[in-house]
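S.K.: Here's a structure for you.
The values are calculated or read from the model by the stated rules, or taken from the named source; none is laboratory data. These figures come from a predicted structure and were not determined experimentally. We place every Cβ from the backbone using ideal geometry, glycine too, and count neighbours over all the protein chains shown. Each accessible area value is taken on the protein alone, full model and side chains, heavy atoms only, with ligands, DNA and RNA left out. Shrake-Rupley method; radii C 1.70, N 1.55, O 1.52, S 1.80 Å.
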Amino acid sequence: MLDEATAARIAAGEVIERPASAVKELVENSLDAGARRVDIEIECGGKALIRVTDDGCGMDPDDAVLAFSRHATSKIRRVEDIFRVGTLGFRGEALASIAAVATVELRTAVAGAVHGTAVRATAGKRPEVAGTVPVPGTSVIVRDIFARLPARLKFLKSDAAESARISDVVCSIALGNPGVSFTLRVDGREVLRTQGTGSLGDAIASLFDAGLLRDLIPVDLAAGEGAARVWGFVGKPRASRGSRAIQYIFINRRHVRNLAIRAAVEGAYAGEIRGGTYPVFFLNLSLPAGDVDVNVHPQKLEVKLLREKDTCRLVYAATCRALAGSSAERPGAGYSRERPAP
Ligand code: ADP
Ligand code: MG
């Protein structure tokens, strides 16, 4: 039999693979808590320190302690709910997993509370709880991740490489949530900031070089009486890149990887861009929650779609339409760009 702390560490490895996974889980918790502002700080690639501070709903003292027990989640009650989740978290294992591989300090208060709560949790120990000043929202500090797991620590890349992964995670979450203001500081230096205006264009302008926005075409198309909608931006053919680094797909605000949808977008560019180059895109899909199964992957990056073919058709049509509209602006450019869906 494994003792509880060991079992927790093994399970934690599946969710918390590296510092960037911890950042993703913590920031998603902030979003689930309704935060309008999320400030992230990391030191030494997140290996020494990760701090995520939000202005979300906070927790009362009981919930703050409960949050560290495995399968404690305030977000689902029955197993059927998993398929209807509107929130990003639902497994109730992130905080427990992080505390199994690091030292975690959480400070939290609900709006108007007289006292805040501080919880300190570390592997194999009972969480210590104390009162603190009531700053509304939640701040979580993760120190010395994997310090007691040398094999895992060795598997991590350089501080710079781990910082870059964290930066990618924060960037994609910020793009999926343009209504929330994000900052990221790496070793004391601010490397990323969005304003939280609610406009995807503003978020893109904050996160990428200023020229990129000029090369983007807005996309917006709904199908099935509005049950499914695709919106965002696709790049003009001339903005295509030598890699797929600037291709983002969000389903119900969750950044996902989905090869079929990617192929549908790229298919719309057939004949428009050189081989070996890839279009830039930022596409949001709003789908009925029941059509998305996010539970196929512990890190929730891959999702299963119930009506994948229909969704791909919609994405393809929307991209063709956007490209046709933009080339029609140029005098003499072709009009009948829209092709039947594959
Ligand atoms: P999950 O997100 O899957 O519910 P977590 O382990 O990530 O599980 O979090 C456990 C619980 O702790 C959440 O359900 C939520 O109630 C609470 N919680 C965690 N982080 C925050 C936060 N930043 N603000 C408010 N509540 C939080
Ligand atoms: Mg969570």
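S.K.: Lys and Arg at +1, Asp and Glu at -1: add these up for the other residues within a Cβ distance under 12 Å of Ala130 and post the number.
M.R.: On the way: positive: Arg107, Arg120; negative: Glu105, Glu128.
It works out to a net charge of 0.
S.K.: Over 32 Å between C-alpha atoms is what I'm after, so list which of Lys47/Lys309; Lys47/Lys125; Lys125/Lys154; Lys125/Lys157; Lys236/Lys304; Lys47/Lys236 land there. If you can, show how the numbers build up before the last one.
M.R.: Working: Lys47/Lys309 42 Å; Lys47/Lys125 21 Å; Lys125/Lys154 25 Å; Lys125/Lys157 29 Å; Lys236/Lys304 29 Å; Lys47/Lys236 39 Å.
Among Lys47/Lys309; Lys47/Lys125; Lys125/Lys154; Lys125/Lys157; Lys236/Lys304; Lys47/Lys236, the Cα-Cα distance tops 32 Å for Lys47/Lys309; Lys47/Lys236.
S.K.: If you roll a 1.4 Å probe over region 182-308 with all protein chains in place, what percent of the accessible area is carbon or sulfur?
M.R.: Taking all protein chains in place, region 182-308 shows 48 percent carbon and sulfur surface.
S.K.: Quick one: if you stick a label point 7 Å off each Cα along the C-beta vector at Arg229 and Val114, how many nm between them?
M.R.: About 4.6 nm separates the two model spin labels.
S.K.: Continuing with this model, one more query. Compute the FRET efficiency between Leu213 and Glu128 as 1/(1 + (r/R0)^6), taking r as their Cβ-Cβ distance and R0 = 35 Å, and round to the nearest 0.05. Mind dumping the intermediate values first?
M.R.: Working: r = 48 Å, r/R0 = 1.38.
E between Leu213 and Glu128, to the nearest 0.05, is 0.15.
S.K.: Can you work out the PRE-style zone for Cys44? Point 7 Å along Cα to Cβ, and I want the residues of region 167-197 with backbone N under 15 Å.
M.R.: Residues 187-188 fall inside that zone.
S.K.: Would you mind getting the accessible area per residue of region 146-296, heavy atoms of the protein chains only, 1.4 Å probe, in Å²?
M.R.: On the way: 6840 Å² over 151 residues.
Per-residue accessible area for region 146-296 comes out at 45 Å².
S.K.: Moving on to the next point. Please report the net charge: other residues with Cβ closer than 14 Å to the Cβ of Asp220, K and R +1, D and E -1. Don't jump to the answer; show the numbers that get you there.
M.R.: Details: positive: Arg229, Arg321; negative: none.
Net charge around Asp220: +2.
S.K.: When Lys and Arg each count +1 and Asp and Glu each count -1, what net charge do the other residues less than 14 Å away from Ser243, Cβ to Cβ, add up to? Walk me through the intermediate numbers first.
M.R.: Values: positive: Arg241, Arg244, Arg262, Arg274; negative: Asp168, Glu266.
Charge balance near Ser243 sits at +2.
S.K.: Also, I was wondering about something else. Please compute the length gained on full extension between Glu190 and Val135, using 0.36 nm multiplied by the number of residues separating them and subtracting their Cα-Cα distance. Walk me through the numbers on the way to the answer.
M.R.: Details: separation 55, 0.36 × 55 = 19.80 nm, distance 2.30 nm.
Length difference between fully extended and current span is 17.5 nm.
S.K.: Now, a different point. Can you tell me the FRET efficiency between Lys154 and Asp63 if r is taken as the Cβ-Cβ distance and R0 is 41 Å, rounded to the nearest 0.05? Kindly include the intermediate steps, with their values, before the conclusion.
M.R.: Numbers: r = 36 Å, r/R0 = 0.88.
For R0 = 41 Å, the calculated efficiency reads 0.70.
S.K.: List the residues, sorted by chain then number, that are 5 or more residues from Leu192 or on another chain and whose placed amide H is less than 5 Å from its amide H.
M.R.: Hits under the 5 Å cutoff: Leu184.
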